[in-house]
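The values are calculated or read from the model by the stated rules, or taken from the named source; none is laboratory data. Treat the numbers as computed from the prediction; the structure is a model and nothing was measured. Virtual Cβ from ideal backbone geometry, glycine too; neighbours counted across all protein chains shown.
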């Protein structure tokens, strides 16, 4: 977790879902190049954890969640300016396995058939990827049979680390995460989610630099930022 002691009025702190950590490094470089006088720091974690940080007074200017539910909670708690909220990207949920583990199959049966397997899953109460996966397994009628094999993680990148190091056999991660460790894991199949995976962005109501925060959101919706998102495997709307 990183919070800056911002001495300059034009510094921004963006708290973003862990699955955005790779693409955000490129976006930040491009934003700094274009804005010139605005510096930007980032803070990554599970969306629910980020929301709790904002609620407790963390000096965040912009919040990017990995689901609409967490963002709506932030709006309902009057932590985010609702008129600034917009979706910037989409993603897919996938099931992956560590190398050397049975990797055949395109349904949850691959998890049911492995009695001793360990499965990394972001905690459904605070990690959108975990909530998406839980809802999908509930819809398929396999949640009760699988939940005893779960190793709950603090964010989706921790799930990815576990499976890539062979500490668990399987993990639910985003498609964009899987591509960053393609040499260390097997991609099994895309998980059908009960709702689209969306990344909404919004300005924190107590931000001390709303003008710069809105400038960052405008940049994220620009053609150049959309190109960066797509090149990293995210989907964007046609608008």
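Can you name every residue in the stretch 19-56 that is at pLDDT below 95 and more than 25 Å from residue 177 (Cα to Cα)? Residues satisfying the conditions are 33, 34, 35, 36, 37, 38, 39. Only one of 192, 120, 213, 175 is surrounded by fewer than 21 Cβ atoms within 10 Å (Cβ to Cβ) and either without any contact (Cβ under 8 Å) to a residue 24 or more places away in the chain or touching a strand residue (DSSP E or B) at 6+ places or on another chain (Cβ under 8 Å) (or both); which? Residue meeting the stated conditions: 175. Taken together, 150, 160 contain a single residue that is closer than 30 Å to residue 31 by Cα and modelled with pLDDT of 95 or more, which is 160.
If the condition is being surrounded by fewer than 22 Cβ atoms within 10 Å (Cβ to Cβ), touching a residue at least 40 places away in the same chain (Cβ under 8 Å) and in contact with a strand residue (DSSP E or B) (Cβ under 9 Å, 6 or more places away or on another chain), then the stretch 139-157 contributes only 154. In the stretch 70-86, the count of residues that are under 12 Å from the mean Cα position of the chain (by Cα) and closer than 23 Å to residue 157 by Cα is one or more. The number of residues in the stretch 1-18 being crowded, with 23+ Cβ neighbours inside 10 Å and at pLDDT below 95 comes to 2. Looking across the stretch 165-177, just one residue is within 22 Å of residue 24 (Cβ to Cβ) and at pLDDT below 95, and that is 177. Go through (1) more than 22 Å from residue 165 (Cβ to Cβ); (2) at pLDDT 95 or above for residue 106 and report which single condition fails. Every condition holds for residue 106 apart from (2). Of 70, 86, 98, all but one fail to be within 21 Å of residue 120 (Cβ to Cβ), surrounded by fewer than 24 Cβ atoms within 10 Å (Cβ to Cβ), touching a strand residue (DSSP E or B) at 6+ places or on another chain (Cβ under 8 Å) and touching a residue at least 40 places away in the same chain (Cβ under 8 Å); the exception is 98. Checking 136, 198, 218 one by one, the residue that is touching a strand residue (DSSP E or B) at 6+ places or on another chain (Cβ under 6 Å) and under 30 Å from residue 35 (Cα atoms) is 198 and no other.
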